[in-house]
Every structure is written in C-alpha cells, then in structure tokens.
Amino acid sequence: MNVSDNLREIEQRIEKACARSGREKKNVRIIAVTKYVSSDRAQEAISAGVMDLGENRVEDYKTKYDLIGDQVNWHFIGSLQSKKVKKMIREFDYIHSLDRLSLAEEIDKRAEGKEISCFVQVNVSGESSKAGLNPDQVITFIRDLASFESISVIGLMTMAPMIDDKEELRSVFRRLRELQVSVRDLSLSHAPCTELSMGMSNDYEIAVEEGATFVRIGSSLVGSE
Ligand SMILES: *Cc1c(COP(=O)(O)O)cnc(C)c1O
C-alpha cells in the first residue's frame, strides 16, 4: 500500500465531489488519521503532502509528536477525559470533540492564553454508542462557552453511523450543516462556526458534497495496521 497513491486518489474523489456540488477543492482539508499506524506511515503521509494529522488517544500520539513536531497541524479527534487535557493541550492545534462544559473549563484553564480551535461534537444520528451533544442542545451549549477566553468554536463535528445507506448518511451531514449555519448566523465572537468536520474513509465524498471543510481519513489513506 502506497500512501501517496492513496492520497492522490482521495484528492481526485474530493475534487469530483466538489465539482458535483459547486465547491472548491481548496476549501476541503484532509486530516490523515494516524491512530492505527506507525510514525513511519505518518511520515509517509507528510512526504506525500498531508499537512494535518489526527489522533484519538492521549496515550498514543506522543511518539509520533516527538518525531514529527510542529511541521504539521495536530488534531485531537477522540473522546477526551478532562484529567488528560493538561498533557496534550500544548501540542494540539484543534480539538474536534468538545462536548461538555467541564471539558471546556479544563481546556480554558490549561491553555494558558493559547487560543484553541474547537469543534463541538454533535450526535446527529442519536445512536447511544456515539459521543456528542444532542442537536437541540448545541446552541445553548455554544452560548455558554462565551466565558472561556481560550476557546474558539470554529465549527461542528459529527461521526455518521456505520451504514451503507447513502441517503441516510447524506441526511446526517445535511443536518449538521444546517446546525452549523444557524450557529454561524448568530455571529458570536467566540464561535465563528464556519467549519464542518465530517466524513471518514467510507463516507467522505458525501460529506464533501454536503459541505465538509475537514475530512478525517484513516484506513483508506494510511491503512489500519
Ligand atoms: C478513526 C476515526 C476516523 C477515521 O476513520 P477511517 O474510517 O479509518 O477513515 C475519523 N474520525 C474519528 C473521530 C475517528 O475516531
């Protein structure tokens, strides 16, 4: 498996999805999710041109971070325990899993003035196994984040269900987009909410058609072992 060929294929598919939906490819960023793979594979992705890496466990990213450092943007995409924020906060540029005030409070406390770009995670599909806020809690939650000076809500994030029904997937992404637009239109200074983190290996083309600005791609880009 060759990461650079995979990246080229994914970029072509994204380009086509953009063409179908009247978007520009430059507005879609690919996060290489390296949680399953070695530092070597992460390095290959960087050599191929990836500028963003995603990791989901505080225990696991450190070896890669120590080798790779700040030549890429680091995205934390997994559920985050408050007691672990202190360890990771200096190294990550984006957190995609903000889903509770206690976590916001800890991020704000540990950020020491650094602005942290956060996505509020939304459980659009309502599956009990999934993290994230219920869609109807999102606006109140985001308003409540105003007092945390380090937190900038740059967008919303969701994980779609693991299903093959394309129209069902599309409706999940579309609902996240509608919610993102309604938050953006509130014009809150701490929550510009212009971004959408959605789409993984099996559904990123649909996510791009529905407005994704960050896709999080693991297995089909860098592999899964
Ligand atoms: C693992 C993971 C991904 C990537 O999944 P693939 O299906 O391998 O592309 C994306 N987002 C989150 C939150 C993940 O945990």
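Which whole-number percentage describes the relative contact order of the chain, with Cα contacts under 8 Å and a sequence gap of 6 or more?
So the answer I get is 22 percent.
Which of GLY132, GLY69, GLY22 ends up with the largest GNM mean-square fluctuation for the chain, with Cα atoms connected below 10 Å?
GLY22
Given axes a ≥ b ≥ c from the Cα gyration tensor, I'd like to know whether the chain is rounded (a/c under 1.5), prolate (a/b larger than b/c) or oblate.
The shape class here is oblate.
Evaluate the distance, in nm, between pseudo-label points positioned 7 Å from the Cα of GLU59 and of ARG170 along their respective Cα→Cβ axes.
About 4.1 nm, to one decimal.
At a threshold of 8 angstrom on Cα-Cα distance, excluding pairs fewer than six apart, so keeping six or more, what relative contact order does the stretch 36-77 reach in percent?
It rounds to 50 percent for the stretch 36-77.
Where the centroid of each part is defined by its Cα atoms, how far is the stretch 24-55 from the stretch 79-98 in Å?
19
Between SER128 and LYS25, 0.36 nm times their residue separation minus their Cα-Cα distance comes to what?
Here the answer is 33.7 nm.
In nm, to one decimal, how far is the SER102 label point from the SER201 one, both placed 7 Å along Cα→Cβ?
About 3.3 nm separates the two model spin labels.
Based on DSSP, what percent of beta bridges with both residues in the chain are antiparallel, to the nearest 5?
5
Considering the Cα positions of the stretch 1-135, please state its Rg to one decimal place and its Dmax as a whole number of Å.
Final numbers for Rg and Dmax: 16.2, 44 Å.
Which of these, THR34, THR140, THR194, has the largest mean-square fluctuation under a Gaussian network model of the chain (Cα springs below 10 Å)?
So, out of THR34, THR140, THR194, the one fluctuating most is THR140.
Rounded to the nearest whole Å², what accessible area per residue is found for the chain with the 1.4 Å probe?
Accessible surface, normalised per residue, equals 47 Å².
Starting from the Cα-Cα distance between SER219 and MET162, subtract it from 0.36 nm times their residue separation and give me the gain in nm to one decimal.
The span from SER219 to MET162 would gain 19.1 nm if fully extended.
Which residue fluctuates most in the GNM of the chain (Cα springs below 10 Å): SER147, SER79, SER197?
Per the Cα network of the chain with a 10 Å cutoff, SER147 tops the list.
Restricting to the stretch 112-199, what percent of DSSP beta bridges are antiparallel, rounded to 5?
Antiparallel bridges: around 10 percent, rounded to the nearest 5.
With the contact rule set at Cα under 8 Å and sequence spacing of 6 or more, what percent relative contact order holds for the stretch 1-66?
33
May I ask you to give the percent of accessible area on the stretch 90-193 that is carbon plus sulfur, with a probe radius of 1.4 Å?
That fraction is 44 percent.
The values are calculated or read from the model by the stated rules, or taken from the named source; none is laboratory data. Just so it is clear, the model here is predicted, and its values are computed rather than measured. Cβ coordinates were reconstructed from backbone atoms using ideal geometry, including for glycine residues, and neighbour counts include every protein chain displayed. Accessible surface is based on the protein model in full, side chains and every heavy atom, while ligands, DNA and RNA are left aside. Shrake-Rupley method; radii C 1.70, N 1.55, O 1.52, S 1.80 Å.
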